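Each value in this text was obtained by applying a stated rule to the coordinates, not by laboratory testing. In this text the structure is predicted, and so the values were computed from the model without any measurement. Don't worry about glycine lacking a Cβ; one is built from the backbone with ideal geometry, like all the others, and counts go over all protein chains shown.
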Amino acid sequence: MNTEKQFYEKLTDQLTKHEGLRFKPYHCTAGKLTIGIGRNLEDKGITEKEAVMLLENDIQECIEDLKTIFQTFDLLPEPARRVLVDMRFNLGPNRFRNFKKMIQAVNEQNFIQAAAEMKDSRWYTQVGQRARTLVKMMTESDA
C-alpha cells in the first residue's frame, strides 16, 4: 500500500513528465501564459504566499550578488544595505553595475556622494518617488 507521500511523489513525477518544467513564461497548447510545471498564470496566477516566497528568493539573490560588489556589505549601515538591495532588485545585476561612481562612493563609505550619484541618473527620473525615498535613506546612512 502506497503512503500519501509516495502518492504525491509519483503524481509530481507524472505531472512533471506530462507538463514539462519551464523556468520562463511560455504559451501552452491552449495559448495560456504558463510557467513552471503547467501553472496557468492567466487564469490562476499565484498566491500571496507564492509571491512572498519568490520575493524572498530574489532578495537572497540580490544580497549574494551585492556581496560580490561590496566586500564589506554586511558591515554597511542598514539603510544603505536596504537601498542597495532595492536598487539591485529594481535594476537587475547588469544595470546596477553601471552605477560605478555610486558603487565607488559606497565602498568609500561616502553615502552623501553615493546619494548624489543616484540622483544624477536616468533611473532617478524613471522611478519617481522610489528614487527620492532611496536617496533620502542613503543620506541617512551617513549619520
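How do 119-127, 106-114 rank on mean C-beta neighbours within 10 Å, highest first?
Most protected by this proxy first, the peptides run 106-114, 119-127.
In percent, how large is the relative contact order of region 41-143, given Cα pairs closer than 8 Å and 6 or more residues apart?
Relative contact order here is 24 percent.
Pick out the long, greasy-scoring helices in the chain: whole DSSP H runs spanning 20 Å or more along their own axis by Cα, mean Kyte-Doolittle at least -1.0.
Result, helices passing both filters: 48-69, 78-97.
To the nearest 0.05, what FRET efficiency results for residue 91 and residue 56 with a Förster distance of 22 Å applied to their C-beta separation?
FRET efficiency, residue 91 to residue 56: 0.70.
Among (i) 194; (ii) 104; (iii) 170, which is the computed volume of the Cα convex hull per residue in Å³?
Given (i) 194; (ii) 104; (iii) 170, the structure-derived one carries the label (iii).
Using a basic spin-label model with each label point 7 Å from the Cα along Cα→Cβ, how many nm lie between residue 142 and residue 13?
6.1 nm
Would you calculate the convex hull of the Cα atoms in region 58-140 and tell me its volume per residue in Å³?
It is 79 Å³ per residue.
Any idea how many Lys pairs in the chain come in under 14 angstrom at the alpha carbon, given 8 or more places apart or on separate chains?
Summing the qualifying lysine pairs gives 5.
Normalise the Cα radius of gyration of region 22-99 by 2.2 N^0.38 Å (N = residues in it) and let me know the number.
In units of the globular-protein estimate, region 22-99 measures up at 1.42.
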